[in-house]
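Q: Questions regarding the structure given below will be posed in turn.
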Amino acid sequence: MNIMSSVALLTGATGQDGSYLAELLLDKGYEVHAIVRRSSTPNISRIDHILNHPSLADSFHLHYGDISDGEQINKILQTYQPDEIYHLGAQSHVKVSFESAEYTGNITGLSTTRILEGMRNVKKKTRMYQASSSEMFGGAASPQNEESSFIPRSPYACAKLYGYWMVKNYREGYNFFASNGILFNHESPRRGENFVTRKITIGAASIVAGKAKMLALGNLDATRDWGFAPEYVEGMYQILSHTTADDFVLATGKTHSVREFVDEVFAYIDLDVDAHVTVDPRYFRPTEVESLLGDARKAKGVLGWKPRVSFKDLVKIMVDADMRKMGLSVIGEGDEILAKHFPNKWWMGD
Ligand code: NAP
Ligand code: GDD
């Protein structure tokens with residue numbers, strides 16, 4: 001353990017964003033601690049490569065814990081006294097939140113209070129990042145920025161809005177350095193397989209591999225502002241490195257429909273959409289967020305944060321990765337985009 005390193009504590013390190021963020025912080029010389037829940041099947045596939053890395057593994061420490069357990073969070077905070085906390089752990093699936101509304105409130109909402117309360121017992125001035133979401137804007141008019149109304153349209157969005165307000169309250173009430181990153185959708189080859197972009201890229205690769213014939217989706221008309229996850233974790237780091245605690249929207253400023261994402265994926269690998277894609281109402285939501293489009297001018301102006309990967313680039317990066325994972329030959333434009341935009345790539349592999 002390096003005594004001079006800054007210490008970061010992560011929740012959600014086994015997820016898409018947490019795995020990239022762990023790599024980013026380790027690359028910057030942090031000592032990283034992560035709260036990981038025990039599961040009967042392995043849940044560390046996204047961070048396995050870090051745990052086996054010859055020079056990074058010694059700075060990366062996993063602690064069993066659940067973000068429903070305030071006592072364990074307190075214990076970890078008091079033992080490791082982190083300089084920074086990135087609270088990314090959540091039940092993060094919007095559709096699932098309609099089926100598990102109370103659970104989502106507990107895990108996605110109340111966990112933020114557990115972290116904030118735990119911070120009151122930490123001696124040093126810890127900085128805290130809250131993974132807030134564009135889902136909180138829900139039905140608000142586009143484009144959405146830090147001044148827009150919140151009209152949440154799911155139990156997940158309501159839970160995230162509760163966390164958002166708790167962060168603002170502790171910032172004002174206790175002078176905490178606590179910041180909300182209000183992130184619009186961001187994707188990658190590490191995206192969970194039941195979010196729509198990854199479901200589409202895996203589905204298309206499975207069709208090419210002859211493992212599937214059809215891909216069933218829900219609402220194809222919804223539009224999202226989709227960016228590339230590694231750029232968004234860079235934004236998280238910039239938000240906590242800023243001189244003052246504040247709230248920032250991170251987004252690309254472009255929106256596309258689910259149908260456009262399908263079209264782009266299928267065109268890239270020369271598949272016929274009509275022959276392979278069906279709509280199944282099982283995937284519809286009781287209330288839908290029809291359109292999200294972010295205005296990230298504040299983050300650009302104050303932090304200098306600006307995403308480089310376009311919608312078409314994102315599709316190519318994700319399709320190449322899923323084709324490769326299935327042992328198929330890869331077109332390779334995604335690899336070229338990564339080499340162009342990230343010549344000094346700090347994350348490892350897909
Ligand atoms: P993700 O891939 O679903 O990861 C969620 C993480 O939370 C996983 O590490 C998961 O652990 C952990 N977790 C869930 N329940 C837990 C519990 N009870 N105790 C401890 N850990 C628990 O999500 P993501 O896409 O990386 O997103 C990161 C955060 O940003 C989430 O809070 C999400 O809501 C928010 N967000 C995401 C986006 C986006 O577009 N990706 C946009 C805005 C906000 P397991 O691996 O064990 O399941
Ligand atoms: N998941 C899924 N599966 N979504 C589908 C499908 C399908 O088969 N078919 C259509 N969709 C539509 C959804 O109805 C939604 O309008 C859109 O695709 C995106 O759905 P998801 O990829 O599940 O993401 P999300 O926008 O609901 O939520 C994600 O982004 C939020 C930020 O805006 C998650 O990462 C949240 O955690 C995050 O806060």
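Q: Could you check how many residues of region 64-95 are open to solvent by 50 Å² or more (accessible area, probe 1.4 Å) and either closer than 22 Å to Glu288 by Cα or of a type in the set (A, V, I, L, M) (or both)?
A: 1
Q: How many residues, within region 281-302, are assigned to a helix (DSSP H, G or I) and open to solvent by less than 20 Å² (accessible area, probe 1.4 Å)?
A: 1
Q: Of the numbered conditions (1) closer than 27 Å to Asp247 by Cα; (2) within 8 Å of ligand 2 (Cβ to nearest atom), Leu217 satisfies every one except a single condition; which is it?
A: Unmet for Leu217, out of (1) closer than 27 Å to Asp247 by Cα; (2) within 8 Å of ligand 2 (Cβ to nearest atom): (1).
Q: Here is a follow-up. Looking at Ser39, Ser55, Ser59, which one is more than 19 Å from Thr108 (Cβ to Cβ) and either buried (at least 17 other Cβ atoms within 10 Å of the Cβ) or within 15 Å of ligand 1 (Cβ to nearest atom) (or both)?
A: The unique qualifying residue is Ser59.
Q: Would you check which residues across region 269-280 are in contact (Cβ under 8 Å) with a residue 60 or more places away in the chain, under 23 Å from Glu333 (Cβ atoms) and open to solvent by 30 Å² or more (accessible area, probe 1.4 Å) and list them?
A: Scanning region 269-280 gives Leu271, His276.
Q: Kindly list the number of the only condition in (1) open to solvent by less than 50 Å² (accessible area, probe 1.4 Å); (2) in contact with a helix residue (DSSP H, G or I) (Cβ under 7 Å, 6 or more places away or on another chain); (3) in a loop (DSSP other than H, G, I, E, B) that fails for Val262.
A: (3)
Q: Ser19 - would you say it is within 16 Å of ligand 1 (Cβ to nearest atom), under 29 Å from Ala159 (Cβ atoms) and surrounded by fewer than 16 Cβ atoms within 10 Å (Cβ to Cβ)?
A: no
Q: Within region 42-52, track down each residue that is modelled with pLDDT of 95 or more and open to solvent by 40 Å² or more (accessible area, probe 1.4 Å).
A: Listed by number, the residues that qualify are Asn43, Ile44, Ser45, Arg46, Asp48, His49, Leu51, Asn52.
Q: Looking only at region 88-100, decide whether some residue is closer than 19 Å to Ile115 by Cα and polar (S, T, N, Q).
A: Yes; the residues of region 88-100 include at least one that is closer than 19 Å to Ile115 by Cα and polar (S, T, N, Q).
Q: Pick out the one residue from Thr113, Thr104 that is out of contact with any Cys (no Cβ under 7 Å at 6 or more places or on another chain), surrounded by fewer than 24 Cβ atoms within 10 Å (Cβ to Cβ) and of a type in the set (S, T, N, Q).
A: None of the others qualify; the one that does is Thr113.
Q: Looking at region 245-259, which of the residues that are away from ligand 1 (no atom under 16 Å from the Cβ) and in contact (Cβ under 8 Å) with a residue 60 or more places away in the chain is surrounded by the fewest Cβ atoms within 10 Å (Cβ to Cβ)?
A: Checked region 245-259; the qualifying residue surrounded by the fewest Cβ atoms within 10 Å (Cβ to Cβ) is Asp246.
Q: Sticking with this structure for a sec: Filter region 327-344 down to residues that are free of Cβ contacts under 8 Å to residues at least 12 places away in the same chain and open to solvent by 70 Å² or more (accessible area, probe 1.4 Å) and give me whichever is farthest from the chain's Cα centre (by Cα).
A: Ser329
Q: Which one of these is within 21 Å of the chain's Cα centre (by Cα) and under 18 Å from Leu9 (Cα atoms): Tyr129, Tyr162, Tyr156?
A: The conditions single out Tyr129.
Q: Please go through region 63-96 and give me each residue that is hydrophobic (A, V, I, L, M, F, W, C) and more than 24 Å from Glu193 (Cα to Cα), ordered by number.
A: If the condition is that a residue be hydrophobic (A, V, I, L, M, F, W, C) and more than 24 Å from Glu193 (Cα to Cα), then Ile73, Ile76, Leu77, Ile85 are the ones that fit.
The values are calculated or read from the model by the stated rules, or taken from the named source; none is laboratory data. What you see is a predicted model; the values in this text were computed from it and never measured. Cβ sites come from the backbone with ideal geometry, for glycine too, and all protein chains shown count toward neighbours. Ligands, DNA and RNA are stripped out before the accessible areas are found, and what is left, the full protein with its side chains, is counted by its heavy atoms. Shrake-Rupley method; radii C 1.70, N 1.55, O 1.52, S 1.80 Å.
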